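> This is the structure I want to talk about, given as structure tokens.
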Amino acid sequence: MQLVEQTYTGCLLLLVDERLEILCRDDDLRLRAGKETAEKLDTFIQLIKKYLPENTGVVLRGSAVTGFRWKDKAPFDADGPGTSDLDLTLVGHRVLEYYKITGFFVPGVHSRPLSDEDPDIAPDLVPLREQLMAMVKRPVNIQGTRDWVMYFREHVMGQPYLTLCGKIESA
């Protein structure tokens, strides 16, 4: 079992009391989590893996990683506990088969997020989304994309992400 401590913006991802917590920290401050927290994070990741084809990467993006919304720069959970969503991106070509053709920004390359706004664009991922939301007590959006899109988003657009599992190929 491994505790995720990868960071791009000084944040640590933890599961605490059945909620996903993003704990921001300074580079000098080392936060340590107990065995129970690490087990909850492992359960979260293993649940995701059960639904995915092999060689699929999973990353967390958006305000859960940056600590603020891109639209108005409001802090994560500014509207109260559990109000900010978690943006998961599934990375790999095979996962894109889960999305209907109408569920893409760019067909076969980059999907729209499975979310309250688009609840039926990836029917096989709906049970996963529902289980994750029950676990973390907040909205979870699930998008699919190719690895080169993640590379572009990180290195060209400056959008950080936290890799939860799998390998994200660099271009």
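The values are calculated or read from the model by the stated rules, or taken from the named source; none is laboratory data. Note that the coordinates shown come from a computational prediction; the quantities given were computed from them, not determined experimentally. Glycine also receives a Cβ, built like all others from the backbone with ideal geometry; neighbour counts cover every protein chain displayed.
> Take the residues in region 140-170 that are surrounded by 15 or more Cβ atoms within 10 Å (Cβ to Cβ) and among the charged types (D, E, K, R); name whichever of them is modelled with the lowest pLDDT.
Step by step, filter region 140-170, then rank; the result is GLU154.
> Taking into account only those residues within region 123-139 that are under 13 Å from the mean Cα position of the chain (by Cα) and free of Cβ contacts under 8 Å to residues at least 40 places away in the same chain, which is surrounded by the most Cβ atoms within 10 Å (Cβ to Cβ)?
Of everything passing the filter in region 123-139, ARG129 is surrounded by the most Cβ atoms within 10 Å (Cβ to Cβ).
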